[in-house]
Amino acid sequence: MTDQNNNKELEALMAETLGVRVGPHKSWDPVNQPMIRHWAQAMGDQNPMYTDPEYAANSSEGSTIAPPTMLQAWTMRGVTGQHAPGTRERTAEQPYVLDILDEYGFVGVVAVNCDQEYFRTLKPGDDISHYMEIESISEKKDTALGTGYFVTELWTFVDQNEEKVGEMRFRLLKFIPPKSDNKPQSSGSSKPKKAVRPRPGINRDNRFFWEGLKEGKLLIQRCKSCETLRHPPSPMCPSCRSLERDAVEASGNGVIHSFVNLHHPALPAFDEPNPIALVELEEGTRLVAGLVGIEPEDVKIGMAVKAEITQCDEELTLALFRPVEA
Ligand code: ZN
């Protein structure tokens, strides 16, 4: 796996998988009201179009509909890993590009993004299947996680008449994980030089936040109309739907509202376990941030913390939080 020839061989094998349509993958159950109800309850979505037959009967749809975002749920494998009867599974002539990448050492995987498009509403009784093909494979890229390939899967969802009802593009990065040499046996051993932290995705909505940190300020987005604070930054106020916004500088004082100690996956730029908190700022909004100056086992909900604006490297400044001595 060391030379150009190997790359060429891999890329040729991957190219053969492009556009090969696999399926159909059948649904265990048709679109049905009980699954819709469970979903709506789990999501806290009280739209009566999903669950109130009387309300829905008087709508332009004439009956209840499934939440569009349930699209992928209908054709999922069962908990035993099986697709429903009638499914045509992948054959030996249809190798899966992710398996090929595994064989060449690209065993790391991370989902990058998922786009769904809906062509009609689904209703109880619809019987959904999906087909899947590999739409594109990037050139080899160096990323913060390691060297790898971005793979885009195109899932096409059809109804009982084989008419297309939706599409999903699911993008993954398959990469070679860095060697795990970050498990010193004794606490005194010297640590290898760390990889740099992943870069944030900076866009028009959140640029002010990252630029604020570079100036030593923890800025929180505020709705200009109703003054509600929100984080992470977004284009529209969820309270009053205003698009007008500015930002206020937070004091950096807060308490740990919740936290995790991340053990897996081990990422090269971070210690493991890695304590990450959801911090409730005194201004009243929350943000996710790394903790410093505390052992993972000592982190407690309700603990007072203060932001420490930290320049991690030339490009990256972060707000990390440190416990405040009582
Ligand atoms: Zn507002």
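The values are calculated or read from the model by the stated rules, or taken from the named source; none is laboratory data. From a predicted model like this one, the values you see are computed outputs, not experimental measurements. Neighbour counts run over all protein chains shown; Cβ positions are idealised from the backbone, glycine included.
So which of G81, G105 is without any contact (Cβ under 8 Å) to a residue 60 or more places away in the chain and within 26 Å of L13 (Cβ to Cβ)?
Working: G105 fails: without any contact (Cβ under 8 Å) to a residue 60 or more places away in the chain.
Answer to the selection: G81.
Per-residue answers, yes or no, for (1) assigned by TED's automatic domain parsing to the domain that holds P124; (2) modelled with pLDDT under 95; (3) among the basic types (K, R):
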| residue | (1), (2), (3) |
| --- | --- |
| L18 | yes, no, no |
| R21 | yes, no, yes |
| P24 | yes, no, no |
| H38 | no, no, no |
| Q41 | no, yes, no |
| G44 | no, yes, no |
| P48 | no, no, no |
| T51 | no, no, no |
| A56 | no, no, no |
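Considering only the range 301-316, I want to know if a residue exists there that is among the β-branched types (V, I, T), over 18 Å from P200 (Cα atoms) and assigned to a strand (DSSP E or B). Walk me through it before giving the result.
We begin by selecting, within the range 301-316, every residue among the β-branched types (V, I, T); these are 301, 305, 309-310.
Pick out the ones that are also over 18 Å from P200 (Cα atoms) and you get 301, 305.
Now narrow it down to the ones that are assigned to a strand (DSSP E or B): 305.
Yes, the range 301-316 contains a residue that is among the β-branched types (V, I, T), over 18 Å from P200 (Cα atoms) and assigned to a strand (DSSP E or B).
Give the range 271-285 a look and list any residue that's surrounded by fewer than 17 Cβ atoms within 10 Å (Cβ to Cβ), under 25 Å from L219 (Cα atoms) and either touching a residue at least 24 places away in the same chain (Cβ under 8 Å) or of a type in the set (D, E, K, R) (or both), or say none.
Across the range 271-285, the qualifying residues are E282, G284.
Hey, among the residues in the range 238-271 that are charged (D, E, K, R) and away from the ligand (no atom under 16 Å from the Cβ), which one's modelled with the highest pLDDT?
Pass one, the range 238-271, residues charged (D, E, K, R): 241, 244-246, 249, 271.
Subsequent filtering for residues that are away from the ligand (no atom under 16 Å from the Cβ) retains 249, 271.
Values: E249: 97, D271: 85.
Only one residue tops the list, namely E249.
Given the criteria touching a residue at least 60 places away in the same chain (Cβ under 8 Å) and touching a strand residue (DSSP E or B) at 6+ places or on another chain (Cβ under 7 Å), does L291 qualify? If you could, list the steps in order and put the result at the bottom.
Numbers: touching a residue at least 60 places away in the same chain (Cβ under 8 Å): no; touching a strand residue (DSSP E or B) at 6+ places or on another chain (Cβ under 7 Å): yes.
When the stated conditions are applied, L291 does not pass them.
Which ones in the range 132-152 are assigned to a strand (DSSP E or B) and surrounded by 20 or more Cβ atoms within 10 Å (Cβ to Cβ)?
So the first thing to find is which residues in the range 132-152 are assigned to a strand (DSSP E or B), and the list is 132-137, 141-142, 147-152.
Hits for the range 132-152 are M132, I134, G148, Y149, V151.
Of everything in the range 1-46, what is within 30 Å of G148 (Cα to Cα) and part of a loop (DSSP other than H, G, I, E, B)? Give them in sequence order. Steps first, please.
Start the filter on the range 1-46 by keeping residues that are within 30 Å of G148 (Cα to Cα), which leaves 1-25.
Passing the criteria: M1, T2, D3, E16, T17, G19, V20, R21.
Mind checking which residues of the range 238-271 are over 26 Å from the mean Cα position of the chain (by Cα) and of a type in the set (V, I, T)?
Selection gives V248 alone.
Enumerate the pairs (first residue in the range 64-77 and touching a residue at least 24 places away in the same chain (Cβ under 8 Å); second residue anywhere and crowded, with 18+ Cβ neighbours inside 10 Å and of a type in the set (D, E)) with beta-carbon separation below 6 Å, excluding pairs fewer than 6 apart on the same chain, so at least 6 apart or on different chains.
Listed pairs, sorted by first residue: none to list.
Take the residues in the range 213-237 that are more than 8 Å from the ligand (Cβ to nearest atom), closer than 18 Å to R286 by Cα and part of a loop (DSSP other than H, G, I, E, B), then tell me which one is nearest to the chain's Cα centre (by Cα). Don't jump to the end; show me each part of the working.
Step one: list which residues in the range 213-237 are more than 8 Å from the ligand (Cβ to nearest atom), which gives 213-222, 229-236.
Imposing the further condition that a residue be closer than 18 Å to R286 by Cα reduces the set to 213, 217-222, 229-236.
When the remaining residues are screened for being part of a loop (DSSP other than H, G, I, E, B), the result is 217-218, 231-236.
Values: K217: 27, L218: 25, H231: 17, P232: 15, P233: 17, S234: 17, P235: 19, M236: 21 Å.
Checked the range 213-237; the qualifying residue nearest to the chain's Cα centre (by Cα) is P232.
When only residues in the range 245-264 that are more than 24 Å from E211 (Cβ to Cβ) and touching a residue at least 12 places away in the same chain (Cβ under 8 Å) count, which is surrounded by the most Cβ atoms within 10 Å (Cβ to Cβ)? Spell out the reasoning first.
Of the residues in the range 245-264, the ones more than 24 Å from E211 (Cβ to Cβ) are 255-264.
Restricting the remaining residues to those that are touching a residue at least 12 places away in the same chain (Cβ under 8 Å) gives 255-262.
Details: V255: 18, I256: 22, H257: 14, S258: 12, F259: 18, V260: 14, N261: 14, L262: 17.
Filtering first and then ranking leaves I256.
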